[in-house]
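Participant: Sending over a structure as structure tokens; questions will come in a sec.
Every read-out reported here was derived from the displayed coordinates using simple, explicitly stated rules and does not represent laboratory data. Because the structure is a prediction, the values reported are computed rather than measured. Cβ sites come from the backbone with ideal geometry, for glycine too, and all protein chains shown count toward neighbours.
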Amino acid sequence: MAIIEVRDLVKTYGTHRAVDGISFEVGEGEIFGILGPNGAGKTTTVECVEGLRSRDGGSVKVMGLDPEKDGAELKQVLGIQLQESRLPDRIRVGEALDLYASFYKEHADTDRLIEKLGLGGKRKTPFGKLSGGQQQRLSIALALVGNPRVAVLDELTTGLDPQARRDTWDLIEQVRNSGVTIILVTHFMDEAERLCDRIAVVDSGKIVALDTPAGLTARVSEEQRVRFRPSAEFADALLLDLPEVARVERHGAHVVVTGGENLLQAVVSVLARNQIVAADLRVEQVSLDDAFVALTGKSLEN
Amino acid sequence: MSALGKLIQIEARLFVRDPMTFVVGLLLPTVVLLGLGAVPMLREPAEDMGGQRFIDYFAPSVIVMAVGVIGLTNLPAVLAAYREQGVLRRMRTTPVHPMKLLVAQLVVNLGASLLSAALVVAAGNLVYGVPLPKHAWGFAIAFVLGITAVFALGMLVAALAPTARAASGLSTVLFMLAMFFGGVYLPRFMLPDAIARAGDFVPPGVQSLLDAWTGTAPAVVPLAVMAATAVAAGAVAARIFKWE
């Protein structure tokens, strides 16, 4: 059953349509990604879902509640992590969590939450003295302190070092495993690919594709490429006779075979039958990056 | 504890933790009064001040300073920073409206001004025998209306200023004006008469405080001006205040 339903959402700033008819549904327990370049309308979309911004058209339901009409009720069950939102420099980690816990009718055990987010030794540390990664984790903790059923996380790992990013990803998977539905706004392909069950690719205020990560890449191309260095000479026809193979190219000592499904298996077995060893064997697949460029005509990074 | 109670508790801690607000806001006015009183000449009755000692005459101006430092500089600075850093925005994501954070800030800063003024009165009385305000009711009314007008202006600065920097610039100008007309920079008997009279109407209204202190009921018109300033500035601030 859908826990979030967005239909024909429209938001206009002046003459600019930041969100131009976006519709999607998110199932309970899903990690749903909203992926797109800067200025695509991702943040505006989730702000309308959160009730932080009023929409100009369409309908939004989160757990059956309208974020604009039932905002107070919804915020009891919605956890929101905003991009670029700080706390006063002198507030301590423990104080911030206790304060935010007092805002909810039911809240999480703050001690356990602090431990879970790896801030155990930092209870008394002021916000201003935390590293960027620690501030980010506290921010996630504040979004989770009200025991939300739905969490919206916007640009979760921007500005984090690679280790902190991987730790944050692990954390998000734990949160989902505890039954929380998650909307993840990101412009990082690897993040979306690693975490999301489904991804809406947004560009210029519209959803240009909505699918699983694998589905998105498959949609762009069914093609696979196998690249290897053969141990002995052979004629191209050996491979071209296979139904799976479309093209054979030679790059110096390397052979690049292009084709459809089960390409690798077909190529390797025919080589084996002819006592040819395929050294440096590599399968090159279309990446989500390639898919994104194909779908939007833009690159994500910049 | 309720969310508001918790907010007040935390904001009070943050106030005390910041050495600038704690020392300048809470202690400086008392230190200034004690410092001036250490000069023997300022403890002699003088004709210029209607036979009062300078230290008695100047005490209301020190109260102006206590209220001004907190209401016109600290309050808008903190609120503008909270807006700029997204503290108010983050609160909008919770079931508790950021209005409660504003209320907590007002409570803490009002409490601090009250404490600072009480310190001035008590220290002046204990150390130099500055009499306690004689017209107690008049003093209470003049103080409450004066502080409300100053805080409403502080809220107006917080509402108008798009950034923390702009808030600090704007509030510095207002603070210096309030201090000048309040006789903090130059004792008021040294100011041209027209300026001193205009000062009666500049929040927090130093003449009303002085009158009540020496035992006269404060004049109605300056008190009405304080009330009007508080209502007008407060209403505009409430209308235009932006959470982000």
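Participant: Can you pull the percent of Cα pairs in the stretch A:222-285 with separation above 16 Å? Present the calculation step by step, with values, prior to reporting the outcome.
Facilitator: Numbers: 679 of 2016 pairs.
For the stretch A:222-285, the share of Cα pairs beyond 16 Å comes to 34 percent.
Participant: Given chain B reduced to its alpha-carbon atoms as identical point scatterers, what log10 I(q)/I(0) does the Debye formula return at q = 0.08 Å⁻¹?
Facilitator: Summing over Cα pairs of chain B leads to -0.31.
Participant: Provide, for q = 0.16, 0.19 Å⁻¹, the log10 of I(q)/I(0) from a solvent-free Debye sum over equal Cα point scatterers in the stretch A:175-301.
Facilitator: Scattering profile of the stretch A:175-301, log10 relative to I(0): -0.82, -0.97.
Participant: If the elastic network links every pair of Cα atoms under 10 Å, which of A:GLN81, A:GLN265, A:GLN135 fluctuates the most in the Gaussian network model of chain A?
Facilitator: Most flexible of the set in this elastic network: A:GLN265.
Participant: Restricting to Cα pairs below 8 Å that are 6+ residues apart, what does the relative contact order work out to for the stretch A:222-285? Please round to a whole percent.
Facilitator: 50
Participant: Between A:SER178 and A:ARG123, 0.36 nm times their residue separation minus their Cα-Cα distance comes to what? Walk me through the numbers on the way to the answer.
Facilitator: Working: separation 55, 0.36 × 55 = 19.80 nm, distance 2.40 nm.
Length difference between fully extended and current span is 17.4 nm.
Participant: Kindly provide log₁₀ I(q)/I(0) values, in the same order as q = 0.10 Å⁻¹, from the Debye equation applied to equal alpha-carbon scatterers of the protein assembly as shown.
Facilitator: For the requested q values the scattering log ratios are -0.90.
Participant: Positive end of the dipole of the protein assembly as shown, charges at C-beta (+1 Lys, Arg; -1 Asp, Glu), about the Cα centre: which of A:VAL202, B:MET20, B:ALA112 has its Cα farthest in that direction?
Facilitator: Going by the Cα projections, it comes out as B:ALA112.
Participant: Given a Förster distance of 60 angstrom, what is the FRET efficiency for A:PHE234 paired with B:LYS242, based on the Cβ-Cβ distance and rounded to 0.05?
Facilitator: My answer for the efficiency is 0.25.
Participant: Now for a different question. About the Cα centre of chain B, how large is the charge dipole given +1 on each Lys and Arg Cβ and -1 on each Asp and Glu Cβ? Please answer in debye to the nearest 20.
Facilitator: Roughly 1020 debye for chain B.
Participant: For chain A, what is the relative contact order in percent, using Cα pairs closer than 8 Å and at least 6 residues apart in sequence?
Facilitator: 20
Participant: Here is a further query. Work out, step by step, the length gained on full extension between A:VAL256 and A:GLU25: first 0.36 nm times the residue separation, then minus their alpha carbon distance; give nm to one decimal.
Facilitator: 79.0 nm
Participant: Compute the distance in nm between two label points, each set 7 Å from the Cα along the Cα-to-Cβ direction, one at A:MET1 and one at B:LEU27.
Facilitator: 6.1
Participant: With both partners inside the stretch A:2-213, how many of the DSSP beta bridges are antiparallel, as a percent to the nearest 5?
Facilitator: Rounded to the nearest five, the antiparallel share is 55 percent.
Participant: Counting helices only, and only those DSSP H runs with n ≥ 4, report the 222 nm mean residue ellipticity of chain B as the sum of -39,500 (n - 2.57) divided by its residues, in deg cm²/dmol to the nearest 500. Walk me through the numbers before you get to the answer.
Facilitator: Details: 11 runs with 166 residues, N = 244.
Counting only the DSSP helices, I get -22500 deg cm²/dmol.
Participant: Also, I was wondering about something else. Would you mind working out the magnitude of the charge dipole of the protein assembly as shown relative to its Cα centre, with +1 at each Lys and Arg C-beta and -1 at each Asp and Glu C-beta, to the nearest 20 Debye?
Facilitator: On the way: 52 positive and 57 negative charges, 320 e Å.
Magnitude of the dipole: close to 1540 debye.
Participant: For an R0 of 41 angstrom, estimate the FRET efficiency from the Cβ-Cβ distance between B:ALA46 and B:ALA235 and round to the nearest 0.05.
Facilitator: 0.45
Participant: Mean Kyte-Doolittle hydropathy of 1.6 or higher plus an axial Cα length of 15 Å or more: which whole DSSP H helices in chain B meet both?
Facilitator: The qualifying helices are B:54-68, B:99-128, B:136-160, B:220-240.
Participant: In nm, to one decimal, how far is the A:VAL10 label point from the B:LEU34 one, both placed 7 Å along Cα→Cβ?
Facilitator: Each label point is offset 7 Å from its Cα along the Cβ direction, giving 6.8 nm.
Participant: Subtract the Cα-Cα distance of A:ARG112 and A:THR158 from 0.36 nm times their separation in residues, and report this length gain in nm to one decimal. Write out the running numbers ahead of the final one.
Facilitator: Working: separation 46, 0.36 × 46 = 16.56 nm, distance 2.55 nm.
Stretched out fully, the A:ARG112 to A:THR158 stretch lengthens by 14.0 nm.
Participant: Could I ask something else about it? With respect to the cross-link table entries A:LYS11/B:LYS100; A:LYS11/A:LYS69; A:LYS75/B:LYS100, which display a Cα-Cα separation exceeding 20 Å?
Facilitator: From A:LYS11/B:LYS100; A:LYS11/A:LYS69; A:LYS75/B:LYS100, over 20 Å: A:LYS11/B:LYS100.
Participant: Between B:PRO133, A:THR15, A:LEU52, whose Cα lies farthest towards the positive end of the dipole of the protein assembly as shown when Lys and Arg beta carbons carry +1 and Asp and Glu beta carbons carry -1, centred on the Cα centre?
Facilitator: B:PRO133
Participant: Please say if the stretch A:2-213 is rounded, prolate or oblate, where rounded means a/c under 1.5 for a ≥ b ≥ c the square roots of the C-alpha gyration tensor eigenvalues, and otherwise the choice is prolate for a/b larger than b/c and oblate otherwise?
Facilitator: Values: a/c = 1.74, a/b = 1.50, b/c = 1.16.
Verdict is prolate for the stretch A:2-213.
Participant: R0 = 56 Å: FRET efficiency of B:ALA12 with A:VAL208, Cβ-based, nearest 0.05?
Facilitator: With R0 = 56 Å, the Cβ-Cβ based efficiency is 0.65.
Participant: Any idea how far apart A:LYS105 and A:ASP197 come out in nm if each label point goes 7 Å out from Cα toward Cβ?
Facilitator: 2.6
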